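For reference, the structure is listed below as structure tokens.
Quick note: the coordinates plus some simple rules give every number you see, no bench work behind them. Model, not experiment: these values are computed from the prediction. A quick note on method: Cβ atoms are made from the backbone with ideal geometry, for glycine too, and the neighbour counts reach across all protein chains shown.
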Amino acid sequence: MAVYAVTYIYAENSTAARDEHRPAHREYLSGLSDQGVNLVSGPFGAQDAPGALLLFRAGSAEEVGALVEKDPFVLAGVVADTQIREWVAVLGPLAEHLRP
């Protein structure tokens with residue numbers, strides 16, 4: 001299975017909604033982690049535009065898209081834009097763990 005980089009860009013003025021839905025969002029991603037799908041995820045730094053990066057292991061970008069659509073953040077409308085792209089780890093200490 002391939003690794004996919006998922007980028008979330010949060011909607012403007014969505015801080016309160018993110019705070020409200022964060023527990024359900026994290027519970028959902030935790031379940032995907034338990035299944036070996038969500039490899040790592042987290043928000044961008046405070047100095048960057050609000051958003052997040054998630055790395056998923058899946059059979060296709062369509063499969064990842066179906067999972068993203070069920071994320072409570074997406075369902076609540078706090079994600080304004082999502083990009084899903086296959087990502088190939090080549091170098092670095094984590095690369096061997098992320099190869100198919």
How many percent of all Cα-Cα pairs in region 1-55 sit more than 19 Å apart?
31 percent
Please state the relative contact order of region 2-98 as a whole percent: Cα pairs under 8 Å, 6+ residues apart?
46 percent
For Ala5, net neighbour charge (Lys/Arg +1, Asp/Glu -1) across residues whose Cβ lies under 9 Å away:
0
Centroid-to-centroid separation of region 1-19 and region 65-100 [C-alpha atoms, Å]:
10 Å
Under 12 Å from a point 7 Å along the Cα-to-Cβ line of Ala24: which residues of region 53-78 have their amide N that close?
70-78
For region 1-66, which chymotrypsin sites (Phe, Trp or Tyr not before Pro) are both in a DSSP coil and crowded by at most 15 other Cβ atoms within 10 Å?
Phe44
Region 55-97: which trypsin sites (Lys or Arg not before Pro) are DSSP loop and have at most 11 other beta-carbon atoms within 10 angstrom?
Lys70
Rg (Å, one decimal) plus Dmax (Å, integer) for the alpha carbons of region 2-98?
13.3, 39
Summing -39500 (n - 2.57) over every DSSP H run of at least 4 in the chain, dividing by its residue total and rounding to the nearest 500, the 222 nm mean residue ellipticity is -10500 deg cm²/dmol
